[in-house]
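The values are calculated or read from the model by the stated rules, or taken from the named source; none is laboratory data. Because the structure is predicted, anything quoted here is derived from the model rather than measured. Note that each Cβ is placed from the backbone with ideal geometry, even for glycine, and that neighbours are counted across all protein chains shown.
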Amino acid sequence: MDEYSVLDKRKYPVLVVDKSIPLAYAPYIGADSVCLYLIYVSIADQGVSSFNSDEIMDFIGIDNARLDECNKKLEEYGLIKLEAHEHNGRIINTCHILQPPPIPRTLYADLQNKALVRDFIKDILIQSPAEQKQAPVKRVRTSLVTPNKIITKFYSMMGNGKLDIFEREAGKKHINDLQKKGYSIDDIDFAIEWGFEHAREQIEDFSSIADIIDKAISARDKYIYERQQQAEREAKSQENEELERKMIEAYKKMMSDAEKKALRERVMEMIKQDKRINLEFVTEQFIIIKENEIIREEYLKKKQ
């Protein structure tokens, strides 16, 4: 029987994903659904605001039916929530990535019987379903980065795989000095990654990190700030779109049957006159979109 060991050699930035996705939900939602979930999370983490389903299907190698199955499975397990609304003549699907809910008792019992995760499944899920009514367990986040790991990483990136005791002790001293100045172990680790990527010419030995750490942290803070600003702008845009959709729905409810009939006839006439449109492929949803466009242009915008 083959055995495996796993070593994390990734560099910043990395994507943080709840462990329960691959180690708890995966057996029940399937590999394609896990892949789709990771794509949603990754795209959101990159700050991408829009993409189409064809791009996803081409990327994963699945068809539309399978994409619908995966989305439905993710929704059934409470991992995402899909909302569709019309905007400027297009159907927009918004995927909300949700906090993974507690695993049901039956699935939790099943996971305890799986050799791969049975020894640590409780830690992955934080608390078992039987403990859900109890006060939540407060978990203190401890950094996985240690001074020895940082020193080894630094000299490895310098091209020096073998360290002597003097280099290691000197590295510990520099780390200790930086921590006394208020820098965290994660700050120092990030500064090393950032320095070798953006300021390699300034790095001579471990003491050089003290000269670039402020620039590195400023760059990180700027990146985080810009991401937050972008997220706020996108949230505001979604709020405006949702408000507009509700206003259109409210206006339609106030219309009389005669007005609704006249609007429908007007849309149908517009469709017939548009030689680009094949009437065989005109759907009810397409007609509704055209009706909403007229309401938006002739009512909502006049009110603004």
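Rundown of residues vs (1) of a type outside the set (Lys, Arg); (2) under 36 Å from the mean Cα position of the chain (by Cα); (3) at pLDDT below 90, yes/no style:
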| position | (1), (2), (3) |
| --- | --- |
| Asp164 | yes, no, yes |
| Glu167 | yes, no, yes |
| Lys173 | no, no, no |
| Leu178 | yes, yes, no |
| Ser184 | yes, yes, no |
| Phe190 | yes, yes, no |
| Glu193 | yes, yes, no |
| His198 | yes, yes, no |
| Gln202 | yes, yes, no |
Note on segment 206-233: residues surrounded by 14 or more Cβ atoms within 10 Å (Cβ to Cβ), more than 28 Å from the chain's Cα centre (by Cα) and without any contact (Cβ under 8 Å) to a residue 24 or more places away in the chain are Ser208, Asp211, Ile212
Does Lys72 meet the test of being part of a strand (DSSP E or B) and at pLDDT 85 or above?
no
In this structure, is Val6 at pLDDT below 85, within 21 Å of the chain's Cα centre (by Cα) and not small (Gly, Ala, Ser)?
no
Checked Ile39, Ile92 against criteria (in a helix (DSSP H, G or I), hydrophobic (A, V, I, L, M, F, W, C) and at pLDDT below 90); the one match is Ile39
Identify, from the list Ser33, Ser49, Ser20, the residue that is at pLDDT below 90 and within 25 Å of Ile92 (Cα to Cα).
Ser49
